[in-house]
Each structure stands twice: as structure tokens, then as C-alpha cells.
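These notes concern the structure reproduced below.
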């Protein structure tokens, strides 16, 4: 369709259409006019010299009347002889002064000029002036009659003249007509996308971004509408992202306030009990102070976790790559995990597959890797039953290091798998916050893995239990 073409192409097509239709219409009009004026109206058109041929009769009348024509009373009589159409006249005296007539442009300036131009035809701005002398009874020139006329066709009726004029001007009239006609269509075609953009702008002003600009064309307006729609979608994504960020901040404050409430309430309760009780009871004092100490520690751990999460999200966190011996590193971590899970008597099984046995050193951020493992393994310890097993498998490659941690717990629910790495997500709604857990562990682990250029996923092991696999880049030098 034409309205889907470029503006340049539309303009060229419309301009060509205007010229062609005007030419065709003009040819038809001229042909019809030719038929009319040659067959029907021809006799109503006077030839170009029609009025010139009347001048001899007018001259005879002037010679018969003589100097009496110098009297204005003769005006009505001479105008009966001179046609009202086609010829204008003026009567002058011998000095060239105009006495009366239907032409008032001075042509004879003085007597000498009169004698010079008498009985001649003079050209004047596309007209001709025929000068007829007025002779008195003594045979002298007493004045003159100036007859003005043109050598052009004349029409007996104004209607024929009007029709002939319209036919002559028809090319220009057709150009104007077809320009207006085609320009309306052109304006209508370009007005559609413009109206869409105006309407879209109003919707954006009203904070409504749920719309699409339904205009597809390979032209300037199509590109503009597409760019506007992309801008709208980008703005929508930006606003949604901003809304999510605000919601996350709100959730963070709400979660921190909720989770800090328990340890702070314990601290307050035990502090008030100490203030109201006998401080000489050292055993009770020590027991209460230990509870306060532990609650304070849990509160501080929560705050540190929140601050660390905020630091990760600030995009200012960077890697501090150092060489580490994975074997030694994992053995040390497993020893610490055994101490933490001693009450559950959990068995840790570690398998390391190294495709580069000659290169025992790997390169990564040791502190951040330690935090990733801590967050994942401590989460597994919480859900691994008494005398359960936690398997830690490591596959060392030249470019990546792959980790898989599986436990023999109850595994992840479908809800867990969909939300496990979301901020503030707590898989077990019934679990209290007595261990300082606020749902940031796996979220933090995911962010740190991505900082290492890796990926992380969670799934259930075929034989039961939960598994989390992740990989990080080996910044091998």
C-alpha cells in the first residue's frame, strides 16, 4: 500500500499523479471546448478585426458631423455610432484637451502632437489608437476623435467569454483541484500515525503504559512509531524495576524489623529481669547474660547479612582473585562444618575430580567462595536429619570449577524450586528465626556466583534429598 511507503516515495507518486491527471483532464477539456466552439458557438465569436472594420463608418459619421462633435451634447449621438463593446473613444480639441468620451487616458499632448499623429494608427499597451480629425467649416483642424481598440476575438455574450476563459485556465484549475484532492489523502495517511503518537503521549502523561502502537510500515513514521514503542517499553521496564527496587527496600526493612524483634525482645526481657532480680545469684546472672549475648550476636549477624546484601547490590563489589589449593581449602571447610553439625552427627563425603592433576592451584576469590559454600552447606545442615549425609562433589576444569552439594533431607518443594534464590524467601514458614535466618543466604550465594561469572541451580536428587549445583570461573593464570 502507498501509505506504507517512505514519505519521499509517497510525495513523488502523488506529485506525478497530480501532473498526469491534470494533463489528461486538460486534454479532454480542450477537446470538448474545441467541439463546442467549432460546432455550436462559433458564430457567437467575433474575429479579431471585427471592430477595426467598423472604423470607416465611424470616420464617415465624424466627417459629416464636423465641429459639432466638440459639443458634449453630441455624446449620445456619437455613442450610437461607436459600439459600446470593443471600442472606447475620446473627443479632444485642437490643443489635445479631452472634452468627453469613454477613454480618459491622455494620448495627445498639444497641437503639434495632434498634427503629427492625425490620420494614423498608434500602438498603446497592446491596443491601437486611430485618430480621426474634426474639420471645421473653414477646413481647419478643430479637434479629433481618438478610437481605441484591440485585435482580439470578441464574444457576443459574457457566458461564452467566461467559458472560453475557464477552458484556457483549465490546466491551472486542474492542478489546484487535484493538488487539494490528493493532498487530502496524503495528509490523512500521515495523520494516522501522528494521531497514534499524540494519543500515546497523552497516555504516558496519564501514567498509562499498558498500550501498543498498532502501526507497522517500512517508512519514516513506521520507524518513529517503533522507536516510540521501544521507548515506552523501556520506560515501563524501568518503572517496574524501580517499583521492584522500592518493594525490595520495603521488604528488607520489614524483614529486618520482624527478624530483629525476637532477639531484641529477648534482650529486653532478660535485661528487665536482671534489673528487677537479686544480682547476687551469680549462676542466674551468668545464664541471663549468656542469653543476652547470644541474642545480640544473632541480631548483629542479621544486620551484617543485610549490609553485605546491600553491598552486593550496589555494583561496587569486586573480586579479589588469589591462588588457592582446592583440596586443602575444602578439607578445612569440611572440618568446620563437622564441628557446627556435631549435634546431628552428619557425615560429609567429599569427592574432587581434577582434570589438571599437574596444576593443583585454582584462582578465584577465596573469601567469596567460602561465603557461597557456607550459605549453601549451612542451609543443608538445617534440613539434613540426624546421622544424615551431605555430599560435596567438585569438578575442576581449566576454565571453570563445578560444585555440587547434595543432602539426604526432605528435598525442595515446588514452591522452593521456584523461589529458592529470591530475596527474603524462607522455605519453611514454620521455622522460627532463632538461628538468625532471614532468607538471604541462597540469594547472596547466587549473587556471588554470578559475580564470578558462573551459574547456580537447585533440584532434587533422584534418591531423595536436595541438591544445589554451581560453577565459578577459574581465573587460571
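If residue 354 meets every condition in (1) farther than 20 Å from residue 376 by Cβ; (2) surrounded by 12 or more Cβ atoms within 10 Å (Cβ to Cβ); (3) modelled with pLDDT of 90 or more apart from one, which number is that one?
So residue 354 meets the others, but not (3).
State yes or no: is residue 230 within 60 Å of the chain's Cα centre (by Cα), outside the structural domain of residue 409 (by TED's automatic domain parsing) and either part of a loop (DSSP other than H, G, I, E, B) or modelled with pLDDT under 70 (or both)? Show your work before the answer.
Numbers: within 60 Å of the chain's Cα centre (by Cα): yes; outside the structural domain of residue 409 (by TED's automatic domain parsing): yes; either part of a loop (DSSP other than H, G, I, E, B) or modelled with pLDDT under 70 (or both): no.
Criteria not met by residue 230.
Scan (1) outside any loop (DSSP other than H, G, I, E, B); (2) at pLDDT 90 or above; (3) more than 23 Å from residue 317 (Cβ to Cβ) for the single condition residue 415 breaks and write down its number.
Failed condition: (2).
Among the numbered criteria (1) under 30 Å from residue 305 (Cβ atoms); (2) modelled with pLDDT of 75 or more, which one does residue 262 miss?
Only one criterion is unmet by residue 262, namely (2).
Residue pairs, Cβ under 7 Å, 6 or more apart or interchain, first in segment 161-184 and surrounded by 13 or more Cβ atoms within 10 Å (Cβ to Cβ), second modelled with pLDDT under 80 and in a helix (DSSP H, G or I). List them.
Every condition considered, the pairs that remain are 167/33.
May I ask you to list the residues in segment 50-64 that are touching a residue at least 24 places away in the same chain (Cβ under 8 Å) and under 18 Å from residue 143 (Cβ atoms)? Break it down into steps so the answer makes sense when it comes.
Our first condition is that a residue be touching a residue at least 24 places away in the same chain (Cβ under 8 Å); within segment 50-64, this holds for 50-52, 54-55, 57-59, 62-63.
Result: 55, 58, 59, 62, 63.
For (1) buried (at least 16 other Cβ atoms within 10 Å of the Cβ); (2) farther than 14 Å from residue 147 by Cβ, each residue gets a yes or a no:
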| residue | (1), (2) |
| --- | --- |
| 76 | no, yes |
| 79 | no, no |
| 82 | yes, no |
| 92 | yes, no |
| 95 | no, yes |
| 102 | no, no |
| 108 | yes, no |
| 112 | no, yes |
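Right, residue 49: modelled with pLDDT under 80 and out of contact with any helix residue (DSSP H, G or I) (no Cβ under 9 Å at 6 or more places or on another chain) or not?
Numbers: modelled with pLDDT under 80: yes; out of contact with any helix residue (DSSP H, G or I) (no Cβ under 9 Å at 6 or more places or on another chain): yes.
Considered against the rule, which asks whether it is modelled with pLDDT under 80 and out of contact with any helix residue (DSSP H, G or I) (no Cβ under 9 Å at 6 or more places or on another chain), residue 49 comes out as yes.
Looking at this structure, is residue 69 modelled with pLDDT of 90 or more, part of a strand (DSSP E or B) and surrounded by 13 or more Cβ atoms within 10 Å (Cβ to Cβ)? Walk me through it before giving the result.
Details: modelled with pLDDT of 90 or more: yes; part of a strand (DSSP E or B): no; surrounded by 13 or more Cβ atoms within 10 Å (Cβ to Cβ): yes.
No.
With modelled with pLDDT under 85 and outside the structural domain of residue 89 (by TED's automatic domain parsing) as the only criterion, which of 163, 176 stands out? Step through it out loud before you land on a result.
On the way: 176 fails: modelled with pLDDT under 85.
Of 163, 176, the one residue that is modelled with pLDDT under 85 and outside the structural domain of residue 89 (by TED's automatic domain parsing) is 163.
Quick one: count up the residues across segment 268-280 that are modelled with pLDDT of 70 or more and exposed (fewer than 12 other Cβ atoms within 10 Å of the Cβ). Let's see the steps before the verdict.
Going residue by residue through segment 268-280, those that are modelled with pLDDT of 70 or more are 268-277, 280.
Keeping just the survivors that are exposed (fewer than 12 other Cβ atoms within 10 Å of the Cβ) gives 272, 275-276, 280.
Matching residues across segment 268-280 total 4.
In segment 205-226, what residues are outside any loop (DSSP other than H, G, I, E, B) and either surrounded by 11 or more Cβ atoms within 10 Å (Cβ to Cβ) or modelled with pLDDT under 70 (or both)? Reasoning before the result, please.
Narrowing segment 205-226 to residues outside any loop (DSSP other than H, G, I, E, B): 205, 220-226.
Hits for segment 205-226 are 220, 221, 222, 223, 224, 225, 226.
The values are calculated or read from the model by the stated rules, or taken from the named source; none is laboratory data. Because the structure is predicted, anything quoted here is derived from the model rather than measured. Here the Cβ is made from the backbone with ideal geometry for all residues, glycine too, and neighbour counts use every protein chain on show.
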